[in-house]
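Report on the following structure.
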């Protein structure tokens, strides 16, 4: 585990007010091992990463683990200079990004088969993809903020949501 990853683990643990000892009691590892992972003196076993993320249940750490597993095919945690982590501000960002995505969706050429689309039409579809991803990222970040504000477990929210997808036959 890189030191930066260890720092992420330590930060998440502190944000949740969990000591190394308390975390070690939730996991099949010692407090000393957690200290070594956090300082980068010991490599963090991949098979413990998901267990650790669930044990800590920190919204920001959830995004770190997601990115680690999925790489570029993941939603980033939005923490840039122009992001305000307040429910109203995030709701407005979701609305703005969603409206931009919908605007691009309406302008896109959906009726022509891909093989007959011009380069301009294909480029517009690329813009649609980016706008939809912006909207999705803002929405998932709003879920994280709601989870944090209302002290919900983001992991449990996702698990329950996945069950509703299956119940509605939107996922097998």
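Every number here is computed from the coordinates shown, using simple stated rules; none is lab data. Predicted, not measured: the structure shown is a model, and the values here were computed from it. When we count neighbours, we look across all protein chains shown, and the Cβ atoms used for this are built from the backbone with ideal geometry, even at glycine.
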Need one number: nm distance between label points at residue 168 and residue 22, each 7 Å from Cα along Cα→Cβ, rounded to one decimal.
3.5
Cα long-axis angle, helix 154-167 against the chain (0 to 90 degrees, to the nearest 10):
50
Between (i) 16.6, 52; (ii) 19.7, 62; (iii) 17.6, 58, which matches Rg and Dmax of the Cα atoms in Å calculated for the structure shown?
(ii)
For the range 34-81 and the range 145-172, what is the separation of their Cα centres, given in Å?
19
Asserting the computed 222 nm helical MRE of the chain (DSSP H runs at least 4 long, -39500 (n - 2.57) per run, divided by residue count, to nearest 500) equals -22500 deg cm²/dmol
Note the angle between two axes, namely the Cα long axis of helix 119-149 and the longest principal axis of the Cα atoms of the chain, as a number of degrees from 0 to 90, rounded to the nearest 10.
40
A correct fewest-to-most ranking of 140, 75 by other Cβ atoms within 10 Å would be 75, 140
Which angle between 0 and 90 degrees, to the nearest 10, do you get for helix 46-56 versus the longest principal axis of the chain when only C-alpha atoms count?
90
Quick shape check on the range 77-172: root eigenvalues a ≥ b ≥ c of the Cα gyration tensor, a/c under 1.5 is rounded, otherwise prolate if a/b tops b/c, else oblate, and it reads oblate
If you count, for each residue, the other Cβ atoms within 10 Å and average over each peptide, how do 160-169, 116-125 line up from highest to lowest?
116-125, 160-169
